[in-house]
Amino acid sequence: MIKKIFKDKRVLLIALIVILVLLLVDFNQRMTLLTRMRRQEKELHERYAQLESTRTALETELVYAQSDQAVERWAREDAMMIQSGDIPIVLLQPANPVPTQSIPEPVIIEHVQKWEIWQALFLGD
């Protein structure tokens, strides 16, 4: 009986088709996974490049912060220190500030008749 089943070409063809369908489904799943992983790889490469540029910028900033030029800039601008030979200039507020007088503009009041108000309401301007 088993030999009869294997001799029948339809059974072999159906078995072959089932195997091919299973292989095709597996291949499709693997291709989907590959696409997702390639997208992830691209995102990770972009993130890595951003982090590398940030690291380079921070290293440059660190080298500058440890330099004499940065220390001198901080001392002069933030700490308000001077070197020997510099002439300090200190700006003072005036003791009695001069108040500015504002001149009020004259207000012009128009006398409008009541009939002009009604005319503007009904007929517009």
Exercise for review: Could you list all residues from region 74-100 that are assigned to a helix (DSSP H, G or I), surrounded by 10 or more Cβ atoms within 10 Å (Cβ to Cβ) and at pLDDT below 85?
Suggested key: 76
Point to revise | Where a residue in region 1-20 is in a helix (DSSP H, G or I) and surrounded by 10 or more Cβ atoms within 10 Å (Cβ to Cβ) and its partner, wherever it lies, is of a type in the set (A, V, I, L, M) and at pLDDT 70 or above, with Cβ under 6 Å and at least six apart | key: 5/11
Check your understanding: Which pairs have Cβ atoms under 6 Å, sit 6 or more apart or on different chains, and link a residue in region 62-84 that is small (Gly, Ala, Ser) to one that is part of a helix (DSSP H, G or I)?
Key -> 70/64
Check your understanding: In the set 59, 52, which member is under 30 Å from residue 81 (Cα atoms) and either surrounded by 10 or more Cβ atoms within 10 Å (Cβ to Cβ) or touching a Ser or Thr at 6+ places or on another chain (Cβ under 8 Å) (or both)?
Key -> 59
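The values are calculated or read from the model by the stated rules, or taken from the named source; none is laboratory data. Model, not experiment: these values are computed from the prediction. Backbone-built Cβ (ideal geometry, glycine too); neighbour counts: all protein chains shown.
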